[in-house]
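Engineer: Attaching a single structure in structure tokens format; questions to follow.
The values are calculated or read from the model by the stated rules, or taken from the named source; none is laboratory data. Here the structure is a predicted model, which means the values were calculated and not measured. Here the Cβ positions follow ideal geometry from the backbone for every residue, glycine too, while neighbour counts run over all protein chains shown. These area figures cover heavy atoms from the full protein model, side chains too; ligands, DNA and RNA do not enter into them. Shrake-Rupley method; radii C 1.70, N 1.55, O 1.52, S 1.80 Å.
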Amino acid sequence: MSNNKEKLFTEFQAPTTQEWLDKIQVDLKGADFNKRLVWRTNEGFNVQPFYRREDVLKLKTPEALPGEFPFVRGNHKDNNAWYVRQDIFAEDAKAANAKALDILNKGIDSLGFHIPGKMVSKEFVETLLNDIYCECVEVNFSTCKSKTLQLAELLKAYFEEKGYDKEKIVGSIDFDPIEKLIIKGKNVLPLLDEAPKLVEALKDYPSFRCISVNSVSLNNAGAYIVQELGYALAWGNEYMQQLTEAGVDADLAAKKVKFNMGVSENYFMELAKFRAARMLWAQIVKQYEPKCDCACKMVVNAITSEYNQTLFDSYVNLLRSQTEAMSATLGGVHSLVVTPFDTPYEEPNDFSERIARNQQLLLKEECHFAQVVDPGAGSYYIEHLTDSLAQQAWKIFLQVEEEGGFLESAKAGKVQDVINETNAKRHADAAKRKEFLLGTNQFPNFTEKSEGKTARQACCCCGEEESEFKAVNATRLAADFEDLRIHTENTRVPVAFMLTIGNLAMRQARAQFSCNFLACAGYKVMDNLGFKTVEEGVDAALEAGADIIVICSSDDEYAEYAIPAFKYLDGRAMFVVAGAPACMEDLKAAGIENFIHVRCNVLETLKEYNAKLGI
């Protein structure tokens, strides 16, 4: 058998990289390889269309072992288990407790309670955790930063009163004053002095973390993957420095830091992000000379993004969060929160929360994602992404350190400026459809109505103090299109009629393009099979009550059809040409002003049309 195998393999000669490239060039038929096939990412590096063994031989990541320093291959040696987490807003302790007990019977094994600061008390904690066995389920808490230490003391007393084994208590309490500074611009610097006290209060609970790095806030503000990663590392290092300078043992400090990171829709890149994050964080902690490598483990709670979620066609959010959940779990996170699909416009209900839970359970119980250690390991592509992300993120980390550390950079507004600039660029790209949002700026549901949906506003239980620092502008990517569409719906919905004529293939393609284009603003679009004359088409459009008539034909035929149609219409409706034909200047000279094509700024064009129509 072995001889047969050897003979089989020797029959095939492995092609070289150059032979692959030569074959690709033939298939490209003269097209530029770099322009057609090389992906220029937003992360600061290019991705090739294929990778070979020789590309990863020089990398260190494939040499790592699961559960061993630098933990690039995960924190576990023999599985990929993660906690299935659901967060609960605990304004009413009894109601939150009932909900927690209910979802614990539905597959959840990690609870996250957000407790309003004014509610923090011994009685509230006892009621909230009644009948929840904290040795058997992960428990996480957050409250106003000024109340965190008090909550920690109450939890500690509760655990001791119940006689829980300190070694078995797994969870966290969210203390991250720097997040408040970055996201809201609030001066919470005095609260940083409570971090060592918090660590001291919970030092006997080895698996209960209390210092958070909430880089998910940057993700939800539009940060690129490498930006979230680089800043998260600098953010965590800031807390490590402050704790160790305050006299906290390096091992203890590192074991109290927890990362809450976002997950965007970039499937393989996000998977690689978590691998790179663990590797870099391990190297950072190592510089503090911990006694045990176990202190270098990075514990990550991943939360699927809200930035790319949409109000319209909201079930598409399920597709986004499902691929994000796959990235996170395959990337080896400690726990995962899947954001319910209806989060952009309402408080998630029982249905959306059940779906969000089942999205994880499907991956865990049916796809067996929890049983395979580091599934991405050995993939030339993923190993390359891991290394490239690590290199770019490290550059950001070093730059922040040169600026005096993450806190100084945030106080100066440098972090906020970078994130806001990225957010603005992404909104501009979405407006031009350089970045797609299915169902919003690309292939919208023509007949969908908002039905009273409005974007939810973030709440704050800590009051609205005056901002002293720059803040991050966290605006969902779809918000601009949603505002426009809702405004159109609430004012007047115009009718856009496709006057299709001439070349069959071109008129159909341009009619489809135009329908998608105009439906992004909620216009009622009417496609047609075709007309023999422009007069016949204009008459049909006016009979249908059209506010906009879009002529759809080929570039060559516009010279024949566009001007006669425009003149025959004689201002009775807005006239639009679908495309950017060579005769555009001649058409403009005849008085035609409106053209829609792939180079248009879709959002600005639609706003302009609304203004012309008095909407």
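Engineer: Could you please give the count of residues in the range 521-554 that are touching a strand residue (DSSP E or B) at 6+ places or on another chain (Cβ under 8 Å) and part of a loop (DSSP other than H, G, I, E, B)?
Structural biologist: Residues flagged as touching a strand residue (DSSP E or B) at 6+ places or on another chain (Cβ under 8 Å) and part of a loop (DSSP other than H, G, I, E, B) within the range 521-554 amount to 11.
Engineer: What residue, among those in the range 320-355 that are open to solvent by 10 Å² or more (accessible area, probe 1.4 Å), in contact (Cβ under 8 Å) with a residue 60 or more places away in the chain and assigned to a helix (DSSP H, G or I), is farthest from Val139 (Cα to Cα)?
Structural biologist: Across the range 320-355, the extreme among qualifying residues is Leu330.
Engineer: Sticking with this one: Does the range 307-314 contain any residue that is under 17 Å from the mean Cα position of the chain (by Cα), closer than 18 Å to Met261 by Cα and open to solvent by 20 Å² or more (accessible area, probe 1.4 Å)?
Structural biologist: no
Engineer: Can you run down the residue pairs with Cβ atoms below 6 Å, 6 or more apart or on separate chains, where the first is in the range 508-536 and at negative phi and the partner is of a type in the set (Ser, Thr, Tyr) and surrounded by 17 or more Cβ atoms within 10 Å (Cβ to Cβ)?
Structural biologist: If the second residue must be of a type in the set (Ser, Thr, Tyr) and surrounded by 17 or more Cβ atoms within 10 Å (Cβ to Cβ), the pairs left are Ala511/Thr500; Ala521/Thr488; Asn528/Thr500; Val534/Tyr561.
Engineer: So in the range 191-242, with the set limited to residues that are closer than 30 Å to Tyr307 by Cα, in contact with a strand residue (DSSP E or B) (Cβ under 9 Å, 6 or more places away or on another chain) and among the polar types (S, T, N, Q), which one is surrounded by the fewest Cβ atoms within 10 Å (Cβ to Cβ)?
Structural biologist: The selected residue is Ser217.
Engineer: Can you pull out every residue in the range 356-409 that is of a type in the set (Gly, Ala, Ser), in contact with a Phe, Trp or Tyr (Cβ under 7 Å, 6 or more places away or on another chain) and either farther than 24 Å from Ala100 by Cα or open to solvent by 60 Å² or more (accessible area, probe 1.4 Å) (or both)?
Structural biologist: Scanning the range 356-409 gives a single hit, Ser388.
Engineer: Further question on the same structure: Quick one: Thr454 ticks every box in (1) surrounded by fewer than 19 Cβ atoms within 10 Å (Cβ to Cβ); (2) more than 22 Å from the chain's Cα centre (by Cα) except a single one, so which number is it?
Structural biologist: With (1) surrounded by fewer than 19 Cβ atoms within 10 Å (Cβ to Cβ); (2) more than 22 Å from the chain's Cα centre (by Cα) applied to Thr454, the lone miss is (2).
Engineer: How many of the residues in the range 218-262 are more than 23 Å from the chain's Cα centre (by Cα) and β-branched (Val, Ile, Thr)?
Structural biologist: Result for the range 218-262: 2.
Engineer: Of the residues that make up the range 292-300, is at least one touching an Asp or Glu at 6+ places or on another chain (Cβ under 7 Å) and open to solvent by 20 Å² or more (accessible area, probe 1.4 Å)?
Structural biologist: Of all residues in the range 292-300, those touching an Asp or Glu at 6+ places or on another chain (Cβ under 7 Å) come to 292, 295.
Filter once more, keeping what is open to solvent by 20 Å² or more (accessible area, probe 1.4 Å): 292.
The answer is yes, given that some residue of the range 292-300 is touching an Asp or Glu at 6+ places or on another chain (Cβ under 7 Å) and open to solvent by 20 Å² or more (accessible area, probe 1.4 Å).
Engineer: Tell me, which helices (runs of 4 or more DSSP H) lie completely within the range 126-243 with 2 or more residues that are modelled with pLDDT of 95 or more and farther than 30 Å from Lys425 by Cα?
Structural biologist: Passing ranges, in order: 148-162, 194-201.
Engineer: Restricting attention to the range 244-260, which residues are of a type outside the set (A, V, I, L, M), in contact (Cβ under 8 Å) with a residue 24 or more places away in the chain and part of a helix (DSSP H, G or I)?
Structural biologist: Thr244, Asp251, Lys255
Engineer: Another one. Has the range 361-372 got any residue that is touching a residue at least 40 places away in the same chain (Cβ under 8 Å), among the β-branched types (Val, Ile, Thr), under 29 Å from Trp82 (Cα atoms) and in contact with a Lys or Arg (Cβ under 7 Å, 6 or more places away or on another chain)?
Structural biologist: no
Engineer: Working carefully through the options Leu154, Leu111, find the one that is more than 15 Å from Tyr205 (Cα to Cα) and buried (at least 19 other Cβ atoms within 10 Å of the Cβ).
Structural biologist: Leu111
Engineer: Within the range 132-149, is there a residue that is open to solvent by 20 Å² or more (accessible area, probe 1.4 Å) and touching a Leu at 6+ places or on another chain (Cβ under 6 Å)?
Structural biologist: Taking every residue of the range 132-149 in turn, at least one turns out to be open to solvent by 20 Å² or more (accessible area, probe 1.4 Å) and touching a Leu at 6+ places or on another chain (Cβ under 6 Å).
Engineer: Please tell me if Ala565 is assigned to a helix (DSSP H, G or I), in contact (Cβ under 8 Å) with a residue 60 or more places away in the chain and either farther than 24 Å from Ile615 by Cα or in contact with a His (Cβ under 6 Å, 6 or more places away or on another chain) (or both).
Structural biologist: Yes.
Engineer: Further question: Looking at the range 575-590, can you tell me whether even one residue there is β-branched (Val, Ile, Thr) and open to solvent by 40 Å² or more (accessible area, probe 1.4 Å)?
Structural biologist: No, the range 575-590 has no match at all.
Engineer: Considering every residue within the range 469-476, establish whether at least one is touching a Pro at 6+ places or on another chain (Cβ under 8 Å) and either surrounded by 15 or more Cβ atoms within 10 Å (Cβ to Cβ) or not in a helix (DSSP H, G or I) (or both).
Structural biologist: yes
Engineer: Report, by residue number, each residue of the range 407-419 that is without any contact (Cβ under 8 Å) to a residue 60 or more places away in the chain and either in a helix (DSSP H, G or I) or of a type in the set (Asp, Glu) (or both).
Structural biologist: Residues satisfying the conditions are Glu408, Lys414, Asp417.
Residue by residue, here is whether (1) open to solvent by 60 Å² or more (accessible area, probe 1.4 Å); (2) assigned to a loop (DSSP other than H, G, I, E, B) holds:
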position: Arg36; (1), (2): yes, no
position: Glu43; (1), (2): no, yes
position: Phe50; (1), (2): no, yes
position: Asp55; (1), (2): no, no
position: Leu59; (1), (2): no, yes
position: Pro66; (1), (2): no, yes
position: Arg73; (1), (2): no, yes
position: Lys77; (1), (2): yes, yes
position: Asn80; (1), (2): no, yes
